[in-house]
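The values are calculated or read from the model by the stated rules, or taken from the named source; none is laboratory data. Fair warning: this is a prediction, and the values are worked out from it, not measured in the lab. Glycine gets a Cβ as well: all are built from the backbone with ideal geometry, and neighbour counts include every protein chain shown.
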Amino acid sequence: MNKHLLGLEETSEEEIRQILATAFSFKEVLSRPIPKVPTLRGKTIVNLFFEPSTRTRISFELAEKRLSADTITFSSSGSSVSKGETLRDTARNIEAMKIDMVVLRHNSAGAAHFLARCVDSIIINAGDGQHEHPTQALLDMMTLQERAGDLRGLKVAIIGDILHSRVARSNIHGLKKLGARVAICGPKTLIPREAEQWDIPVFHRLDDAIQWADVLNILRIQLERQKTALFPSLREYASQFGVTRQRLLRAKKDVIIMHPGPINRGIELENDLADSEFSIILDQVTNGVAVRMAVLYLKSGGRLEAEQRS
Ligand code: CP
């Protein structure tokens, strides 16, 4: 097992399966009247968030509390980063206060790898720029296993802004390792050049992707990361690539809809569909806590056996 969790590209199939199996047993812990175990008592975890987050930050904080760790969350706004302090200095100063683990969200691709070289603490990547968001992909895979069982042969179409999406990259690496079939779909301007190396189907017509897939994982249009206009207007994007009930008439009858959030309702996904019988979006959020507990536990040296946690 790697010391850090920096991305799923460098995580083995065996480790992914171990994290998911551990997450399922932590899900049982979370259903107890007192959903808390003493597993990480005495460990100190710092959540370093240099970018906004709702789901990832809160679920890491909850996971840490459910494991009885001591935990601090740092937001770059209001910190000495605004006075020019670097990521390296920020992390090394926090580490000097004797911590065990850092959960890092940063707007630069490669920030988690960089930090792993600067400090001794265990680094968990909570999303680095356009690079990877490994715990999001792990919770997506857990939620799919819950719904569909074995992922081997399952057809997952990732739709939308692939270019800017760390969620897409982590899902592609993780799902392929578990034997799922993955495709991407979006306008040519939102498909990165590196897609050729992924060796997966690329659809430029949404209807083709919908007909092919068992699962639609729909991504947010990330306007904040676009330096130039990559499509004429949001209205035009929605008309070509927005997933609607009308378009689902071509889908398999039990098609599954996923979205990592936050959703631009009415743009990439029709408002009502996000809350429909097809959607497992809130199940993804629920499973985020168990997956993050599993990652924190295993990276702290825990083993899969349940008796280690009770
Ligand atoms: N899916 C996800 O990373 O959401 P947040 O940005 O709210 O953490």
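Of the residues ASP128, ASP208, which is touching a residue at least 24 places away in the same chain (Cβ under 8 Å) and acidic (Asp, Glu)?
None of the others qualify; the one that does is ASP128.
Conditions: (1) assigned by TED's automatic domain parsing to the domain that holds GLY242; (2) buried (at least 22 other Cβ atoms within 10 Å of the Cβ). GLY153 meets all but one. Number of the miss?
It is condition (2) that GLY153 fails.
Exactly one of these conditions fails for GLY301: (1) without any contact (Cβ under 8 Å) to a residue 12 or more places away in the chain; (2) outside the structural domain of ASN125 (by TED's automatic domain parsing). Give me its number.
GLY301 satisfies every listed condition except (2).
Considering only residues that are more than 23 Å from GLU13 (Cα to Cα) and touching an Asp or Glu at 6+ places or on another chain (Cβ under 7 Å), look in the stretch 110-119 and name the one that is nearest to the ligand (Cβ to nearest atom).
Here the residue is ALA111.
Is it the case that the stretch 251-265 has a residue that's among the small types (Gly, Ala, Ser), surrounded by fewer than 19 Cβ atoms within 10 Å (Cβ to Cβ), modelled with pLDDT of 95 or more and touching a Leu at 6+ places or on another chain (Cβ under 8 Å)?
no
Scan the stretch 228-287 for residues that are of a type in the set (Asp, Glu) and more than 15 Å from ARG147 (Cα to Cα) and jot them down.
GLU236, GLU268, GLU270, ASP272, ASP275
Residues of the stretch 75-93 being within 16 Å of the ligand (Cβ to nearest atom) and crowded, with 17+ Cβ neighbours inside 10 Å, which ones?
Scanning the stretch 75-93 gives a single hit, SER76.
So which residues in the stretch 62-74 are surrounded by 18 or more Cβ atoms within 10 Å (Cβ to Cβ) and either β-branched (Val, Ile, Thr) or within 17 Å of PRO134 (Cα to Cα) (or both)?
Matches in the stretch 62-74: ALA63, THR71.
Hey, can you tell me all the residues within the stretch 230-267 that are in a loop (DSSP other than H, G, I, E, B), under 22 Å from the mean Cα position of the chain (by Cα) and either away from the ligand (no atom under 16 Å from the Cβ) or of a type in the set (Val, Ile, Thr) (or both)?
GLY242, VAL255, ILE263, ILE267
Can you name the condition, by its number, that GLU64 falls short on among (1) more than 16 Å from the ligand (Cβ to nearest atom); (2) touching a residue at least 40 places away in the same chain (Cβ under 8 Å)?
The one condition GLU64 does not meet is (1).
Restricting the search to the stretch 53-81, which residues are out of contact with any helix residue (DSSP H, G or I) (no Cβ under 9 Å at 6 or more places or on another chain) and either modelled with pLDDT under 95 or among the aromatic types (Phe, Trp, Tyr) (or both)?
Answer for the stretch 53-81, where residues must be out of contact with any helix residue (DSSP H, G or I) (no Cβ under 9 Å at 6 or more places or on another chain) and either modelled with pLDDT under 95 or among the aromatic types (Phe, Trp, Tyr) (or both): SER77, GLY78.
Checking the condition closer than 30 Å to ARG235 by Cα, in contact with an Asp or Glu (Cβ under 9 Å, 6 or more places away or on another chain) and at pLDDT 95 or above, which residue from GLY174, GLY179, GLY186 passes?
GLY186
Which one of these is more than 16 Å from the ligand (Cβ to nearest atom), at pLDDT below 95 and surrounded by fewer than 21 Cβ atoms within 10 Å (Cβ to Cβ): GLU305, GLU270?
Exactly one residue qualifies, and that residue is GLU305.
Can we say ALA126 is over 20 Å from ASP161 (Cβ atoms), buried (at least 18 other Cβ atoms within 10 Å of the Cβ) and in contact with a strand residue (DSSP E or B) (Cβ under 6 Å, 6 or more places away or on another chain)?
No, not satisfied.
For (1) more than 12 Å from the chain's Cα centre (by Cα); (2) under 19 Å from LEU269 (Cα atoms), each residue gets a yes or a no:
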site: GLY127; (1), (2): no, no
site: LEU139; (1), (2): no, no
site: ILE158; (1), (2): yes, yes
site: LYS176; (1), (2): yes, no
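Across the stretch 36-61, what is the total count of residues that are surrounded by fewer than 16 Cβ atoms within 10 Å (Cβ to Cβ) and more than 13 Å from the ligand (Cβ to nearest atom)?
4
May I ask you to list the residues in the stretch 125-183 that are more than 16 Å from the ligand (Cβ to nearest atom) and among the charged types (D, E, K, R)?
Within the stretch 125-183, GLU146, ARG147, ASP150, ARG152, LYS155, LYS176, LYS177, ARG181 qualify.
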